[in-house]
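A.B. asks: Questions regarding the structure given below will be posed in turn.
The values are calculated or read from the model by the stated rules, or taken from the named source; none is laboratory data. Quick caveat, the model's predicted, so the values are computed rather than measured. Virtual Cβ from ideal backbone geometry, glycine too; neighbours counted across all protein chains shown.
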Amino acid sequence: MTNSNTGKILQFKMKFLKLKNCNSSINSAKYYIPVLAILFLCSASPEAQQYDILLLNGMIVDGSGAKKYRSDVAVKNGKIAKIGNLSEAQAYEYLDINGLVLAPGFIDTHNHADEGLIDPELKTNKGFITQGVTTTVFGVDGFKSISKIKEWHHLYQEQGVGTNYMFYIGHNGIREDIMGMDARSPTDRELARM
Ligand SMILES: [Zn+2]
C-alpha cells in the first residue's frame, strides 16, 4: 500500500467484494424485494463509513507546539476526518507515508509568485505547494496598488490558484495610484484619498 495505484486496486477489490456479497440470491423472482433491500443496504452503509484517502504511519507535527507523534490521518471531502489508529479503516486511496511529517500547510509571508500566477500555466503555484506552502502572501515590498490587487485578484478568481493567497496593500502602490511618481508632498486632497 505505497502508492495511488495500490489504492485504486484496493478500491476495485472493495467494489468487487461488495458485489460478490450482495448478489448471492439474485436468480429467483421471489427474492426480488429482499434482494432490493439487501442491495440498498449494501449501497448505503459502507459508503458512509469510508474515507477518500488514508495517510498511514505519518509523523504528526500539528503546529500547536505539542510533541510530534506517529499516527494515521483520514481525509474525506478534502478535510481531515479522523486522526488515530486507522489500520482497519477503508478508503479509496491508501498512502503509507512511513514516518514522513504531516503538518498544517505553511504560510509564506514574503514571496513574488503573484505576477507569475497570471500565466495560466503557472496558476497551480506548484513551486510552493510542493514545499508544503498552502498560503502565499503577495503584494510584498510595498509596491502593489489597490487597482493592481483588484485586477490580479479578479484574474486569480477566474482561472483559479493552487494555494490560498492574500495581499499586502503597499504604501508605495497607493501613493502611485493617487499622485503618480511625482517627487513632492501630496496635497491635502491627495492625502485624504490615500
Ligand atoms: Zn521581496
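A.B. asks: Among the listed residues Ile146, Ile129, Ile178, Ile118, which satisfies the condition of being surrounded by 13 or more Cβ atoms within 10 Å (Cβ to Cβ), within 30 Å of Arg70 (Cα to Cα) and either within 16 Å of the ligand (Cβ to nearest atom) or not aromatic (Phe, Trp, Tyr) (or both)?
C.D. replies: None of the others qualify; the one that does is Ile129.
A.B. asks: Just checking, does segment 74-83 include any residue being crowded, with 18+ Cβ neighbours inside 10 Å and within 16 Å of the ligand (Cβ to nearest atom)?
C.D. replies: The answer is no; no qualifying residue exists.
A.B. asks: Given the criterion farther than 30 Å from Ala66 by Cα, surrounded by 13 or more Cβ atoms within 10 Å (Cβ to Cβ), in contact with a strand residue (DSSP E or B) (Cβ under 6 Å, 6 or more places away or on another chain) and not basic (Lys, Arg), identify the matching residue among Gly170, Gly139, Gly105.
C.D. replies: Numbers: Gly170 fails: in contact with a strand residue (DSSP E or B) (Cβ under 6 Å, 6 or more places away or on another chain); Gly105 fails: farther than 30 Å from Ala66 by Cα.
Going through Gly170, Gly139, Gly105 in turn, the sole match is Gly139.
A.B. asks: Related question: Please specify each residue of segment 76-96 satisfying the condition of being under 18 Å from the mean Cα position of the chain (by Cα) and closer than 11 Å to Leu56 by Cα. Give the derivation first.
C.D. replies: Initially, segment 76-96 is screened for residues under 18 Å from the mean Cα position of the chain (by Cα), giving 76-83, 91-95.
Within segment 76-96, Ile83, Glu93, Tyr94, Leu95 qualify.
A.B. asks: Which of (1) modelled with pLDDT under 95; (2) part of a strand (DSSP E or B); (3) not hydroxyl-bearing (Ser, Thr, Tyr) does Ile107 not meet, given it meets every other one?
C.D. replies: Here Ile107 clears every test but (1).
A.B. asks: Sticking with this one: Can you find a residue in segment 137-153 that is outside any helix (DSSP H, G or I) and under 14 Å from Ile107 (Cα atoms)?
C.D. replies: To start, the set of residues in segment 137-153 that are outside any helix (DSSP H, G or I) comprises 137-139, 143-145.
From what is left, the residues that are under 14 Å from Ile107 (Cα atoms) are 137-138.
Yes, segment 137-153 contains at least one residue that is outside any helix (DSSP H, G or I) and under 14 Å from Ile107 (Cα atoms).
A.B. asks: Quick one: what pairs do we get from segment 121-135, first residue in the same structural domain as Tyr165 (by TED's automatic domain parsing), second assigned to a helix (DSSP H, G or I), C-beta under 6 Å, 6+ apart or different chains?
C.D. replies: Partner pairs satisfying both residue conditions: Leu122/Gly116; Lys123/Leu117; Lys123/Gln159.
A.B. asks: Now a separate question. Regarding segment 42-58, can at least one residue be identified that is touching an Asp or Glu at 6+ places or on another chain (Cβ under 9 Å), among the β-branched types (Val, Ile, Thr) and at pLDDT 50 or above?
C.D. replies: Yes, there is a match, as at least one residue in segment 42-58 is touching an Asp or Glu at 6+ places or on another chain (Cβ under 9 Å), among the β-branched types (Val, Ile, Thr) and at pLDDT 50 or above.
A.B. asks: Next question, about the same structure. Looking at segment 46-76, which of its residues are under 17 Å from Pro104 (Cα atoms) and not in a strand (DSSP E or B)? Walk me through it before giving the result.
C.D. replies: Taking segment 46-76 as the starting set, the residues that turn out to be under 17 Å from Pro104 (Cα atoms) are 53-76.
Of everything in segment 46-76, those that are under 17 Å from Pro104 (Cα atoms) and not in a strand (DSSP E or B) turn out to be Val61, Asp62, Gly63, Ser64, Gly65, Ala66, Lys67, Lys68.
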